[in-house]
Amino acid sequence: MLSPSASGRRNVSGSWRADKEKLYRAEAAALTDIRRTEAEKLQGELLSHLKDLGMEKARFEVRIDPLTEPGQNGMDRVEFMLSANPGESLKPLEKVASGGEMSRIMLAFKAIAANADSIPTLIFDEIDTGISGKAAKSVANKMRSISKNHQVLCISHLAPIAAMADYNYFISKKVENDRTCTSIKLLNEQEVLC
């Protein structure tokens with residue numbers, strides 16, 4: 001048999017817990033609403049950038065599914081879905097994007113984030129992975145566009161991307177005394193053309 005004071009503590013504890021859960025669910029519902037609103041904006045912005053990057057037929061969706069149990073990130077499961085080619089259904093981004101598609105998608109995400117957060121410097125390390133030709137030219141143009149408002153540092157092996165730079169550097173590695181040394185050299189105009 002419980003003492004009256006123990007029974008009272010249980011009721012207060014249960015009431016406190018119910019109040020906290022009610023507050024959590026209200027905050028989670030507000031977060032879901034914000035996610036849905038922002039997801040629509042993100043979808044539109046990303047598709048616009050992907051069109052510029054030669055992925056005119058791509059479809060992108062932010063899928064927001066309810067969870068049955070509360071989690072530390074609210075009551076939603078958020079997943080990016082992609083169809084890069086006509087006739088393909090939307091599938092999870094990480095499962096369907098090729099290297100070249102992922103490079104362009106990441107560039108689009110970085111472009112959106114840079115403008116939203118006023119990021120002063122963007123670093124792209126081999127953003128050109130898996131692309132060439134027309135796709136490389138579209139990536140170069142997008143990076144040039146981004147560079148109008150942000151400093152852009154890019155490591156690239158592709159001429160169309162390097163050609164857009166204001167400054168080009170040659171980075172080399174060599175082994176000396178069993179240690180790898182990296183050197184960097186600013187290229188002059190003649191060296192850039194070679």
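Treating the Cα atoms of the chain as identical point scatterers in vacuum, please give the log10 of the normalised Debye intensity I(q)/I(0) at q = 0.10, 0.11, 0.12 Å⁻¹, two decimals. Listed by q, the Debye log ratios stand at -0.61, -0.68, -0.76.
Rg(Cα) of the range 69-135 divided by 2.2 N^0.38 Å? Walk me through the numbers on the way to the answer.
Values: Rg = 15.2 Å, N = 67, 2.2 N^0.38 = 10.9 Å.
Here the Cα radius of gyration is 1.39 times the empirical estimate.
Starting from 0 in steps of 5 Å, tell me what percent of the Cα-Cα pairs of the range 17-95 lands in each bin. Going from the shortest bin to the longest, the percentages are 3, 14, 20, 19, 14, 10, 8, 6, 3, 2, 0. Debye-formula intensities of the range 87-194, expressed as log10 I(q)/I(0) at q = 0.17 Å⁻¹, are -0.90 (one equal scatterer per alpha-carbon, no solvent).
Please compare each pair in LYS91/LYS142; LYS137/LYS185; LYS51/LYS110; LYS51/LYS137 to a cut-off of 21 Å on the Cα-Cα distance and tell me which ones are over it. Long pairs (Cα-Cα over 21 Å): LYS91/LYS142; LYS137/LYS185. Entry note, the chain: the mean residue ellipticity at 222 nm calculated from DSSP H runs of n ≥ 4, each adding -39500 (n - 2.57), is -16000 deg cm²/dmol after division by the residues and rounding to the nearest 500.
Entry note, the chain: relative contact order of 13 percent, from Cα contacts under 8 Å with a spacing of 6+ residues.
Among the protein heavy atoms of the chain, carbon and sulfur supply 53% of the accessible surface, probe 1.4 Å, non-protein parts ignored. On a C-alpha basis, how far is the centre of the range 49-76 from the centre of the range 163-194 in Å? Whole number, if you could? That distance is 40 Å.
Size of the range 52-99 from its Cα atoms: along the principal axes, largest to smallest, the extents are 39, 19, 17 Å.
A straight Cα-to-Cα reach below 14 Å connects LYS22 with the aspartates and glutamates GLU69, residues fewer than 8 places away in its own chain not being considered. The residues of the chain expose, per residue, 69 Å² of accessible area to a 1.4 Å probe.
The values are calculated or read from the model by the stated rules, or taken from the named source; none is laboratory data. None of these values were measured; they are calculated from a predicted model. The protein model used for the area step is the full one, side chains on, heavy atoms only, and it has no ligands, DNA or RNA in it. Shrake-Rupley method; radii C 1.70, N 1.55, O 1.52, S 1.80 Å.
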